[in-house]
Each structure stands twice: as C-alpha cells, then as structure tokens.
1. Show the residue pairs that are 6+ apart or on different chains and have beta-carbon atoms under 6 Å apart, the first residue being within region 12-40 and over 30 Å from Gly54 (Cβ atoms), the second being among the charged types (D, E, K, R).
2. What are the residues in region 25-59 that are surrounded by 14 or more Cβ atoms within 10 Å (Cβ to Cβ) and not in a helix (DSSP H, G or I), if any?
Amino acid sequence: MSTNGKERIALDPEAPGLDEDTRRRRRALAELQKLSIDELFQVAVRAGIYTKDGELTPPYRDDGEPSACRPTD
C-alpha cells in the first residue's frame with residue numbers, strides 16, 4: 001500500500017520475539033495508518049502537538065524552550 005508515494009510498512013504485532021509493549025505499539029501504529037489525513041490531524045490536536053488552526057504548539061516549534069530532549073537548540 002502506498003501513501004503520498006511512500007510505502008507503508010506492515011509491522012506484524014504477532015511476530016515472534018516481541019514483548020507486549022512492542023506489540024501494543026505496533027497495533028496502535030496500524031490503527032493510525034488507517035486514519036485519513038484529517039483524522040490524523042485531529043489526533044495531533046488532541047495530543048497537543050498542533051492547534052486547531054494548524055500551528056505547532058510551543059513545545060514543538062523551533063522557537064520553543066529547550067528541554068531535556070532538545071537541550072541545545
């Protein structure tokens with residue numbers, strides 16, 4: 001399956017050797033892949049990544065405060 005010219009990677013949550021956390025993450029990613037762009041955007045709004053206007057929220061903008069994940073911007 002292709003989206004915007006990119007192949008979707010099928011991650012089998014039942015592959016041998018996976019721990020339960022990895023299985024849950026793979027199931028969640030599979031569900032996200034089923035969403036339309038609009039639905040995925042709404043997930044990002046609810047998660048606090050984007051505003052309803054389509055702007056990145058402060059923690060995700062280039063001008064956001066440095067954090068433990070980005071200590072030296």
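Values in this text are rule-based calculations from the coordinates and carry no lab data. Quick caveat: nothing in here was measured; it's all calculated off a predicted structure. Here Cβ is always computed from backbone atoms with ideal geometry, including for glycine, and neighbour counts include all displayed protein chains.
1. Matching pairs, first to second residue: Pro13/Arg23; Pro13/Arg26; Pro13/Arg27.
2. Tyr50, Leu56, Thr57
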